[in-house]
Amino acid sequence: MIAAVYVFVDPSVKSLQQDFTQQTGVNLQECEKYPHNFKNYEESQRYQCYLEKTAQATRKFGIAATVSAFQNYFQTDGGQALEGPTCHTIAHVIGEVAVSLGIESEKILNECKTFCTGGCLNGAGHYNVLTTQGIEKAEEFCNSANVSHELLMDCYHGLGHGITEYVGFGIEKGISMCNQLNNERDGRFECGHAVLMEWNQIMTKSVPVPVDISAFCSKVDEIYRDICYEFAGSLEYTKSQSAADALGICSKKVPKYLADRCMGTAVEALYHSTPRQERPGVIASVCDFPEKDKTRMCYYKAVNASIFTIGASAGEAGLVICEKAPNWLQSDCYLKISSRLFNEYGEDSRNMFCKNIIPNKYRNKCLTYIDNLVPITSN
């Protein structure tokens with residue numbers, strides 16, 4: 001069972017919800033009156049309300065004012081619930097609306113910045129591909145301002161997502177379009193990474209996937225090869241809807257040094273394709289290996305997927321996964337949630353999880369465990 005969350009807001013920030021309304025004329029607090037449920041958050045009135053009001057604020061007041069107001073709103077109790085993947089998705093809307101309004105490219109790049117782990121620029125890059133019907137002008141958008149390498153790559157990542165939708169989610173067509181980018185190394189890599197990672201989120205047999213995935217990966221350009229093998233488990237699951245087949249391709253047809261990462265994408269694909277209420281039981285079944293190391297890896301990858309669950313703030317989705325883990329693994333599983341939150345969304349998200357959500361007996365260890373973290377790479 002998910003623990004109740006009680007967030008005590010300092011009096012100095014209690015008026016920030018009103019500040020948002022004064023800054024933008026859009027009252028996000030109104031969305032809090034709508035019911036929502038973790039099991040169907042993306043269809044809830046509350047989530048749709050946030051998306052609509054974000055678009056409204058961007059249209060009326062532009063990027064900078066909306067981003068600034070949201071940063072204040074995130075310090076309130078209602079706003080903290082949007083931290084993490086929900087924030088990233090909302091930020092996509094800001095970028096998409098900005099492009100649709102014809103706001104200058106340089107202004108979009110400089111005002112989106114890294115808001116919500118690059119969500120604003122991801123959205124802008126994505127929508128640019130769709131509106132320009134190709135990549136030449138979309139790439140020009142990414143290079144229209146002298147921004148940091150990090151921001152530039154967030155933009156190229158967004159191009160990859162836009163390309164994926166533009167080509168109807170065909171992996172071979174998507175990679176082919178990434179190859180047309182002038183930024184031949186990092187830009188193409190980020191584009192290809194986005195094209196391939198879509199299959200961790202979009203689970204349908206109608207998506208065109210290569211018949212022989214390992215053979216396809218062996219022939220793609222060197223810059224994409226490792227990431228292709230890494231996502232081979234996800235791609236196989238998309239095609240076959242079989243966890244056994246997906247894990248099998250990772251152990252038998254992927255280079256050994258990438259087998260664990262391949263297994264991770266297979267588990268993440270399984271996680272995202274399973275109805276939310278069924279995920280804990282399904283993950284427990286799939287991760288029940290004779291070898292403890294494989295069981296541990298499997299649960300860790302499910303936790304990695306869980307922190308990208310929209311509507312689940314501060315590790316709630318991972319908590320229900322870890323509750324099903326074997327007793328010998330539960331403590332480490334909870335700590336893995338905290339480390340992933342810290343690496344992906346920052347200290348505030350980790351603190352919210354450690355102080356309010358994780359079972360009481362693990363809370364002190366959860367907070368001190370972060371102090372010695374070595375950042376891990378998101379798969």
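The values are calculated or read from the model by the stated rules, or taken from the named source; none is laboratory data. Treat the numbers as computed from the prediction; the structure is a model and nothing was measured. Quick reminder, even Gly has a Cβ in these numbers, built from the backbone with ideal geometry, and neighbours come from all protein chains shown.
Tally time: how many residues in the stretch 285-327 are more than 17 Å from A243 (Cβ to Cβ), surrounded by 22 or more Cβ atoms within 10 Å (Cβ to Cβ) and over 20 Å from the mean Cα position of the chain (by Cα)? Of the residues in that region, 1 qualify. Looking only at the stretch 234-253, which residues are crowded, with 18+ Cβ neighbours inside 10 Å and farther than 9 Å from I213 by Cβ? The answer is S234, Y237, T238, A243, A246, L247, C250.
For the stretch 266-282, a residue qualifies if it is modelled with pLDDT of 90 or more, buried (at least 19 other Cβ atoms within 10 Å of the Cβ) and small (G, A, S), and exactly one does: A266. Checking E198, E172 one by one, the residue that is in contact (Cβ under 8 Å) with a residue 40 or more places away in the chain, assigned to a helix (DSSP H, G or I) and more than 16 Å from G134 (Cβ to Cβ) is E172 and no other. Applying the criterion of being over 17 Å from the mean Cα position of the chain (by Cα) and among the polar types (S, T, N, Q) to the residues of the stretch 328-358, the residue that is farthest from T274 (Cα to Cα) is N351. Taking each residue of the stretch 123-141 that is more than 16 Å from L181 (Cβ to Cβ) and looking for partners that are of a type in the set (F, W, Y) with beta-carbon atoms closer than 7 Å, six or more apart or interchain, yields L130/Y166. Scan the stretch 88-114 for residues that are assigned to a helix (DSSP H, G or I) and either at pLDDT below 85 or surrounded by fewer than 17 Cβ atoms within 10 Å (Cβ to Cβ) (or both) and the total you get is 4. Given the residues R296, R225, which is the only one that is over 17 Å from V195 (Cα atoms) and basic (K, R)? From the options R296, R225, the qualifying one is R296.
For the structure I just gave you, tell me whether N343 is surrounded by 20 or more Cβ atoms within 10 Å (Cβ to Cβ), touching a Ser or Thr at 6+ places or on another chain (Cβ under 8 Å) and assigned to a helix (DSSP H, G or I). The answer is no for N343.
For the stretch 144-169, the set of residues classified as assigned to a loop (DSSP other than H, G, I, E, B) and either free of Cβ contacts under 8 Å to residues at least 24 places away in the same chain or among the small types (G, A, S) (or both) consists of S144, A145, N146, S148, V167, G168, listed by residue number.
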